[in-house]
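The values are calculated or read from the model by the stated rules, or taken from the named source; none is laboratory data. What you see is a predicted model; the values in this text were computed from it and never measured. Methodologically, a virtual Cβ is constructed for each residue, glycine included, from the backbone with ideal geometry; neighbour enumeration extends over all protein chains shown. With ligands, DNA and RNA removed, areas are computed over all heavy atoms of the protein, side chains included. Shrake-Rupley method; radii C 1.70, N 1.55, O 1.52, S 1.80 Å.
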Amino acid sequence: QVRLVESGGGLVQPGGSLRLSCAASGKIDKIWNMAWFRQTLGTQREFVALATGGALRITDYGDFAKGRFTVSRDMDKNTMDLQMNDLKPEDTGVYYCTLYGQTQSWGQGTQVTVSS
(Lines give C-alpha, C1' and ligand atoms only; values in the text may rest on other atoms or scores of the structure.)
Protein backbone atom coordinates (compact mmCIF):
# COMPACT_ATOMS: atom_id res chain seq x y z
CA GLN A 1 0.00 0.00 0.00
CA VAL A 2 1.29 3.44 -0.96
CA ARG A 3 1.05 6.40 1.37
CA LEU A 4 1.55 10.00 0.25
CA VAL A 5 2.02 12.91 2.64
CA GLU A 6 2.06 16.52 1.44
CA SER A 7 3.57 19.40 3.37
CA GLY A 8 4.61 23.00 2.90
CA GLY A 9 1.30 24.72 2.44
CA GLY A 10 0.40 27.92 4.23
CA LEU A 11 -0.56 31.55 3.90
CA VAL A 12 1.45 33.75 1.58
CA GLN A 13 0.98 37.22 0.13
CA PRO A 14 0.43 37.74 -3.60
CA GLY A 15 3.76 37.61 -5.40
CA GLY A 16 5.23 35.37 -2.75
CA SER A 17 6.57 31.82 -2.95
CA LEU A 18 5.91 28.46 -1.38
CA ARG A 19 7.55 25.09 -1.73
CA LEU A 20 5.36 22.03 -1.39
CA SER A 21 6.73 18.58 -0.73
CA CYS A 22 5.27 15.13 -1.17
CA ALA A 23 6.76 12.07 0.52
CA ALA A 24 5.79 8.64 -0.75
CA SER A 25 6.18 5.41 1.18
CA GLY A 26 5.24 1.80 0.63
CA LYS A 27 5.64 -0.44 -2.41
CA ILE A 28 6.70 2.03 -5.08
CA ASP A 29 7.97 1.40 -8.57
CA LYS A 30 10.28 4.18 -9.71
CA ILE A 31 8.79 4.10 -13.20
CA TRP A 32 5.50 5.33 -11.86
CA ASN A 33 4.57 8.94 -12.46
CA MET A 34 3.98 11.52 -9.78
CA ALA A 35 1.92 14.65 -10.19
CA TRP A 36 0.39 17.60 -8.39
CA PHE A 37 -3.25 18.51 -8.70
CA ARG A 38 -5.19 21.23 -6.98
CA GLN A 39 -8.75 22.02 -6.12
CA THR A 40 -9.60 25.66 -5.94
CA LEU A 41 -12.89 27.11 -4.71
CA GLY A 42 -15.78 26.11 -6.91
CA THR A 43 -13.71 24.11 -9.37
CA GLN A 44 -12.94 20.50 -10.07
CA ARG A 45 -9.55 19.10 -9.27
CA GLU A 46 -7.14 20.33 -11.94
CA PHE A 47 -3.71 19.28 -13.12
CA VAL A 48 -0.78 21.36 -11.87
CA ALA A 49 2.46 19.54 -12.71
CA LEU A 50 3.82 16.14 -13.66
CA ALA A 51 7.16 14.43 -13.04
CA THR A 52 7.39 11.12 -14.84
CA GLY A 53 9.22 8.12 -13.49
CA GLY A 54 11.87 5.98 -15.10
CA ALA A 55 14.87 7.26 -17.01
CA LEU A 56 13.21 10.01 -19.10
CA ARG A 57 12.11 12.19 -16.17
CA ILE A 58 9.80 14.37 -18.20
CA THR A 59 8.02 17.29 -16.57
CA ASP A 60 4.85 18.98 -17.68
CA TYR A 61 2.68 21.77 -16.35
CA GLY A 62 -0.80 23.14 -16.50
CA ASP A 63 -0.97 26.36 -18.48
CA PHE A 64 -1.41 28.50 -15.38
CA ALA A 65 1.72 26.96 -13.82
CA LYS A 66 4.12 27.43 -16.72
CA GLY A 67 6.83 29.96 -15.91
CA ARG A 68 5.85 30.17 -12.24
CA PHE A 69 5.94 26.63 -10.85
CA THR A 70 8.75 24.08 -10.99
CA VAL A 71 8.34 20.40 -10.16
CA SER A 72 11.23 18.22 -9.10
CA ARG A 73 11.48 14.62 -8.03
CA ASP A 74 14.04 12.69 -6.00
CA MET A 75 13.86 9.06 -7.10
CA ASP A 76 16.06 7.82 -4.29
CA LYS A 77 14.04 9.50 -1.55
CA ASN A 78 10.63 8.98 -3.22
CA THR A 79 9.81 12.64 -2.84
CA MET A 80 8.45 15.29 -5.17
CA ASP A 81 8.57 19.03 -4.63
CA LEU A 82 6.68 21.89 -6.19
CA GLN A 83 8.31 25.30 -6.10
CA MET A 84 5.64 27.94 -6.61
CA ASN A 85 6.68 31.52 -7.34
CA ASP A 86 4.73 34.69 -8.06
CA LEU A 87 1.68 33.27 -6.38
CA LYS A 88 -1.70 34.80 -7.12
CA PRO A 89 -4.95 34.80 -5.14
CA GLU A 90 -6.44 32.42 -7.71
CA ASP A 91 -3.79 29.87 -6.75
CA THR A 92 -5.54 29.46 -3.41
CA GLY A 93 -6.74 25.91 -2.89
CA VAL A 94 -5.84 22.45 -1.69
CA TYR A 95 -2.88 20.89 -3.43
CA TYR A 96 -2.73 17.12 -3.78
CA CYS A 97 0.08 14.77 -4.63
CA THR A 98 -0.63 11.63 -6.62
CA LEU A 99 1.42 8.62 -7.61
CA TYR A 100 0.14 6.40 -10.38
CA GLY A 101 1.18 3.35 -12.30
CA GLN A 102 -0.71 0.10 -11.94
CA THR A 103 -2.82 1.83 -9.31
CA GLN A 104 -3.26 5.42 -8.21
CA SER A 105 -2.78 6.86 -4.76
CA TRP A 106 -3.55 10.34 -3.43
CA GLY A 107 -2.38 12.29 -0.45
CA GLN A 108 -4.66 14.18 1.91
CA GLY A 109 -3.70 17.54 0.45
CA THR A 110 -2.12 20.70 1.79
CA GLN A 111 -3.84 24.07 1.91
CA VAL A 112 -2.33 27.00 0.04
CA THR A 113 -3.81 30.44 0.69
CA VAL A 114 -2.65 33.47 -1.24
CA SER A 115 -3.99 36.63 0.30
CA SER A 116 -2.91 40.05 1.44
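Quick notes
- Ordering of 49-60, 87-98, 13-24 by packing [mean C-beta count within 10 Å, highest first]: 87-98, 13-24, 49-60
- Residue-wise HN-Hα couplings along region 105-112, as the Karplus relation 6.51 cos²θ - 1.76 cosθ + 1.60 with θ = phi - 60° gives them from phi, are 10, 10, x, 7, x, 9, 7, 10 Hz; Gly and Pro carry x.
- Value of D in µm² per second that Stokes-Einstein yields for region 52-116, Kirkwood Rh from Cα pairs, at 37 °C (0.692 mPa s): 243 µm²/s
- The chain - percent relative contact order, Cα under 8 Å, separation 6 or more: 36 percent
- Rounded to the nearest whole Hz, the Karplus-based 3J(HN,Hα) values (6.51 cos²θ - 1.76 cosθ + 1.60, θ = phi - 60°) of region 27-37 follow the sequence 7, 10, 9, 5, 7, 5, 8, 10, 8, 10, 10, with x at glycine and proline.
- Accessible area per residue for region 1-44, computed on protein heavy atoms with a 1.4 Å probe, is 59 Å².
- Note, ³J(HN,Hα) from phi for region 9-18, Karplus 6.51, -1.76, 1.60, rounded to Hz, x at Gly and Pro: x, x, 9, 9, 7, x, x, x, 10, 9
- Projecting the Cα atoms of ILE28, MET84, SER72 onto the dipole axis of the chain, where Lys and Arg carry +1 and Asp and Glu carry -1 at the beta carbon, places ILE28 farthest toward the positive end.
- Point-to-point label distance, ARG19-GLN111, nm (Cα→Cβ direction, 7 Å offset): 2.4 nm
- Overall, the accessible surface of the chain at a probe of 1.4 angstrom is composed of carbon and sulfur to the extent of 48 percent.
- Nonlocal amide H pairs with PHE69, under 5 Å, H built at 1.01 Å: ASN85
- Longest to shortest principal axis, alpha-carbon extents of the chain, angstrom: 41, 25, 23
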